[in-house]
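Structure record follows, encoded as structure tokens.
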Amino acid sequence: MNKIKNAIRTIPNFPIDGIMFRDVTTLYSNSEAMKEVIKLTCDYWKNKSLTIIAGIEARGFITGSIIANQLSLPFVPIRKKGKLPYDKLSQDYELEYGKASIEIHSDALNGNDNVLIVDDLIATGGTALASIELVKKLNGNISGCSFIIDLPKLGGKEKIEKEGIEVQALCSFEGH
Ligand code: AMP
């Protein structure tokens with residue numbers, strides 16, 4: 001796990017003052033650390049009857065699609081508003097300042113799918129909870145959520161666990 005945490009670069013005050021931006025581009029370019037990310041994630045979820053991996057734009061696409069391929073499962077994208085070309089469902093959610101919306105194709109799930117939601121980082125949990133709502137709207141079962149990084153101070157992981165959903169995080173950082 002230290003190999004993973006040590007490969008993540010921190011940029012203070014990006015994109016705004018007071019935020020410690022956890023930059024995973026340095027992790028993605030470290031193939032040894034990435035192998036560990038994929039192994040730890042696949043080992044954790046491989047016997048949990050998943051049928052599909054849903055990755056959240058944009059950094060969740062990178063790990064999510066590798067995990068899907070390793071587990072021989074389909075990958076579906078959850079995208080920011082206005083990017084998906086076909087029929088879609090939308091979910092609004094609160095950001096620290098303002099609102100955002102994410103979308104999923106209406107035919108992305110089969111109705112009885114067991115879905116693992118993947119993103120790089122969980123902070124307040126707003127993005128992941130909106131993704132969970134989208135999956136539920138398509139009658140998917142949430143098997144769990146997987147993140148590389150947890151920011152426990154922001155409480156997102158706890159919020160999702162309180163809904164009875166299993167959450168995996170490979171490392172955590174103090175503060176915002
Ligand atoms: P949240 O919805 O508050 O859980 O925020 C999670 C989303 O925002 C993820 O897609 C992250 O990529 C991004 N994010 C939030 N805080 C940070 C941070 N400190 N460093 C890097 N990305 C972040």
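The values are calculated or read from the model by the stated rules, or taken from the named source; none is laboratory data. Just so we're clear, the structure is a prediction, and the values are computed from it rather than from any experiment. Every residue, glycine among them, receives a Cβ derived from its backbone with ideal geometry; neighbour counts consider all protein chains shown. Each accessible area value is taken on the protein alone, full model and side chains, heavy atoms only, with ligands, DNA and RNA left out. Shrake-Rupley method; radii C 1.70, N 1.55, O 1.52, S 1.80 Å.
Observations
- Scan of segment 123-176 for residues that are of a type in the set (A, V, I, L, M) and assigned to a helix (DSSP H, G or I), ordered by number: ALA128, LEU129, ALA130, ILE132, LEU134, VAL135, LEU154, ILE160
- Of the criteria (1) free of Cβ contacts under 8 Å to residues at least 60 places away in the same chain; (2) open to solvent by less than 10 Å² (accessible area, probe 1.4 Å), which one SER146 fails: (1)
The rows are residues; the columns are (1) farther than 19 Å from GLY60 by Cα; (2) out of contact with any helix residue (DSSP H, G or I) (no Cβ under 6 Å at 6 or more places or on another chain).
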{"position": "SER90", "(1), (2)": "no, yes"}
{"position": "SER101", "(1), (2)": "no, yes"}
{"position": "SER106", "(1), (2)": "yes, yes"}
{"position": "LEU109", "(1), (2)": "no, yes"}
{"position": "ILE117", "(1), (2)": "no, no"}
{"position": "LEU121", "(1), (2)": "no, yes"}
{"position": "LEU134", "(1), (2)": "no, yes"}
{"position": "LYS137", "(1), (2)": "yes, yes"}
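- Residues located in segment 105-139, provided they are open to solvent by 20 Å² or more (accessible area, probe 1.4 Å), at pLDDT 95 or above and at positive phi: ASN139
- Filter pass, ALA7 being touching a residue at least 40 places away in the same chain (Cβ under 8 Å) and within 16 Å of the ligand (Cβ to nearest atom): no
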